[in-house]
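Read the structure below first, then the notes.
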Amino acid sequence: MYDYALIGGGIVGLATAYQLGQAHPKARLLLIEKESIWAAHQTGHNSGVIHSGIYYKPGSAKARMAVAGARSMVAFCEAHGVAHELCGKVIVAAHSNELPRLETLEQRATANGIVARRLTPEQLQEYEPHVRGVAALFVPSTGIIDYKQVAQTLARLATESGAELRLQAKLLAIVKKGDSITLQTTQGDFPTRFLVNCAGLYSDRVAALGGVCPRAKIIPFRGEYYELIPERRSLVRGLIYPVPNPSFPFLGVHFTRMTDGSVHAGPNAVLALAREGYKKTDIHLAELLETLAYPAFWKLALKNADEGLQEILRSLSKARFVRSMQTLIPEIQPSDVTPAGAGVRAQALANDGALVDDFLILSGERQLHVCNAPSPAATASLEIAREIVSRIPPP
């Protein structure tokens with residue numbers, strides 16, 4: 001009998017295993033992951049950014065945990081030798097009609113306790129000589145990081161503290177009986193007194209197996225990237241973002257210098273045809289039909305039809321993708337970039353057609369379910385884990 005059993009070996013699940021071990025060192029702890037490696041999905045396919053928290057509504061869990069998470073993640077990396085760099089980022093207003101939105105971001109930064117310096121076009125050139133814009137914000141607390149290395153470190157630390165971590169253990173069913181919950185998996189049955197669901201792209205299904213209705217469904221959005229060829233990496237010094245469109249739930253095409261020196265541009269945002277659909281050709285018919293049969297999806301699609309069409313066209317056309325890059329760096333040409341990998345965002349969509357904007361952690365009988373933890377969840381993972389631990393009874 002385990003005291004705690006966790007489902008999901010991404011960064012949130014591993015951080016929770018680590019924090020539970022710190023809080024309850026004598027507890028018997030199990031974490032199961034269906035893949036053969038840690039961080040196989042959202043964690044291992046994201047853009048590797050330490051987010052400051054500037055975008056999120058003041059007072060929200062995302063704002064609170066991203067701001068605190070940026071600090072705790074850097075401290076964790078420094079303590080355990082994980083590759084990272086606080087290079088800062090510029091958020092650029094390319095045109096004058098974006099200035100009111102830039103002003104709103106500046107106010108949000110102040111409300112969230114984030115340093116953000118306003119830049120003139122000339123000052124912007126000092127940070128990013130190849131970027132053109134009418135104004136910008138410089139956010140020094142933003143950085144780059146290797147989240148796969150963070151996940152592997154968390155797995156090692158959790159194991160060293162006595163947790164049992166199992167790869168290639170796929171959950172099949174959840175059986176509740178008396179004061180225990182049994183996880184039926186491909187590696188056998190595991191009884192536990194308390195269950196924590198950190199299953200990411202399948203978190204809604206795991207919640208349903210546990211008898212908890214999340215009142216939302218995970219809709220997978222694929223984000224596709226291009227990479228600057230090595231000879232053109234000098235066009236980008238750090239992180240370069242556009243001012244986001246508040247009517248669209250994604251940040252727009254931006255530039256990220258990774259910890260290995262490569263520079264990625266993207267992502268766009270299109271419906272993935274499978275929950276783990278990292279390629280255009282990855283289709284899981286049952287999962288796609290499940291999405292298309294969800295009335296809330298069509299409410300979202302109709303509301304964002306214009307933006308959604310542009311995202312699809314950009315996915316199909318390299319020339320359109322490059323034109324989006326040229327909004328920030330005009331001298332980029334199609335020959336300067338090559339296709340890179342893609343990620344899939346597990347975005348919860350409520351039954352009324354509204355995207356779940358904040359982190360969503362639901363309680364059940366002897367259960368907690370993390371049912372919405374897209375970006376900035378990697379940045380905030382240690383803080384999300386602390387929140388989970390605070391809501392779990394001691395063994």
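Some notes on this structure:
- Against the chain, whose longest principal axis is taken from its Cα atoms, helix 61-80 shows a tilt of about 80°.
- Placing pseudo-labels 7 Å out from each Cα toward the beta carbon at Val115 and Val175 gives an inter-label distance of 5.7 nm.
- Spatial extent of segment 222-300: Rg and Dmax, with the Cα atoms as the point set, Å: 16.1, 47
- Using a simple spin-label model with pseudo-atoms 7 Å out from Cα toward Cβ, Ala354 and Ser234 lie 5.0 nm apart.
- Charged-residue dipole, Cβ positions (Lys, Arg, Asp, Glu), segment 98-167 about Cα centre, Debye nearest 20: 160 debye
- Rounded to the nearest 20 debye, the dipole magnitude of segment 197-294 is 200 debye, with +1 charges on Lys and Arg beta carbons, -1 on Asp and Glu beta carbons, and the Cα centre as origin.
- Protein-only accessible surface order, largest first, of Thr16, Thr120 at 1.4 Å: Thr120, Thr16
- Surface exposure of segment 332-395, expressed per residue as accessible area with a 1.4 Å probe, stands at 36 Å².
- If the Kirkwood radius is taken over C-alpha pairs of segment 1-105, then at 20 °C and 1.002 mPa s the Stokes-Einstein diffusion coefficient equals 128 µm²/s.
- Most fluctuating residue given options Leu360, Leu316, Leu382, as computed from a GNM of the chain linking Cα atoms under 10 Å: Leu316
- For the residue pairs Lys34/Lys279; Lys176/Lys299; Lys62/Lys303; Lys57/Lys303; Lys89/Lys217, the alpha carbons lie more than 28 Å apart in Lys176/Lys299; Lys89/Lys217.
- Accessible area of segment 1-156 divided out per residue, in Å², using a probe of 1.4 angstrom: 39 Å²
- Expressed as a whole percent, the accessible surface of segment 1-148 that belongs to carbon and sulfur atoms is 51, based on a 1.4 Å probe.
- Segment 69-224: Rg to Rh, with Rh as the Kirkwood radius over Cα pairs: 1.12
- The listed residues His84, His51 rank as His84, His51 when sorted by accessible area, largest first, using a 1.4 Å probe.
- Fraction of accessible area attributable to carbon and sulfur, segment 198-315 (%, probe 1.4 Å): 62 percent
- Accessible surface of His254 - all protein chains present, 1.4 Å probe, nearest 10 Å²: 10 Å²
- Where Asp282, Asp357 fall by accessible area, highest first, once all protein chains stay in place (1.4 Å): Asp357, Asp282
- Within the chain, percent of DSSP bridges classed antiparallel, to nearest 5: 75 percent
- Its Cα gyration tensor gives segment 303-347 an equivalent ellipsoid. The semi-axes, each the square root of 5 times an eigenvalue, are 21, 14, 10 Å from largest down.
- Solvent accessible area, Å² - Met325, 1.4 Å probe, full protein context: 0 Å²
- Computed over segment 257-395, the alpha-carbon pair-distance distribution with 10 angstrom bins reads 9, 29, 33, 21, 6, 1, each value a whole percent.
- Max mean-square fluctuation residue, GNM over the chain, Cα-Cα springs under 10 Å, options Ala163, Ala385, Ala173: Ala173
- Between segment 356-373 and segment 103-132, the Cα center-to-center distance that results, in Å: 34 Å
- Residue-normalised convex hull volume from the C-alpha trace of segment 170-216: 70 Å³ per residue.
- Evaluated at q = 0.12, 0.23, 0.25, 0.29 Å⁻¹, the base-10 log of the normalised Debye intensity for segment 1-58, with identical point scatterers placed on the Cα atoms, takes the values -0.40, -0.92, -0.98, -1.12.
- Between the residues Pro395, Gln310, Thr379, the greatest Cα displacement towards the positive end of the dipole of segment 265-395, with unit charges on the Cβ of Lys, Arg, Asp and Glu, is found for Gln310.
- Approximate shape of segment 346-395 as ellipsoid semi-axes (Cα gyration tensor, √5λ), whole Å, largest first: 22, 15, 6
- Projected over every direction and averaged, the convex hull enclosing the alpha-carbon atoms of segment 137-278 yields 12.5 nm².
- Unit charges on C-beta of K, R, D, E only; dipole of the chain, Debye: 480 debye
- Between the listed residues Thr185, Pro244, Ile144, the Cα displaced farthest toward the positive end of the dipole of segment 136-274, a dipole computed from Cβ unit charges relative to the Cα centre, is found at Thr185.
- Counting only DSSP H runs of at least 4 residues, each contributing -39500 (n - 2.57), and dividing by the residue count of the chain, the helix-based mean residue ellipticity at 222 nm comes to -9500 deg cm²/dmol.
- With the convex hull constructed from alpha-carbon coordinates only, the chain shows a mean projected area of 18.5 nm² over all directions.
- Quick note on segment 132-214: its Rg to Rh ratio, both from C-alpha atoms and Rh being the Kirkwood radius, is 1.19.
- With the biggest extent put first, the Cα atoms of segment 280-360 measure 44, 25, 24 Å across the principal axes.
- Put simply, segment 41-103 fits an ellipsoid with semi-axes of 26, 15, 12 Å; these come from the alpha carbon gyration tensor as the roots of five times its eigenvalues, largest first.
- The C-alpha atoms of the chain define a longest principal axis, and helix 381-390 lies at about 30 degrees to it.
- Accessible-area value, Phe194, 1.4 Å probe, nucleic acids and ligands omitted, Å²: 20 Å²
- Selection from Ala272, Leu235, Thr259, by position along the positive dipole direction of segment 218-291 (Cβ): Leu235
The values are calculated or read from the model by the stated rules, or taken from the named source; none is laboratory data. From a predicted model like this one, the values you see are computed outputs, not experimental measurements. For neighbour counting, all protein chains shown are included, and Cβ atoms are generated from backbone atoms with ideal geometry for every residue, glycine included. With ligands, DNA and RNA removed, areas are computed over all heavy atoms of the protein, side chains included. Shrake-Rupley method; radii C 1.70, N 1.55, O 1.52, S 1.80 Å.
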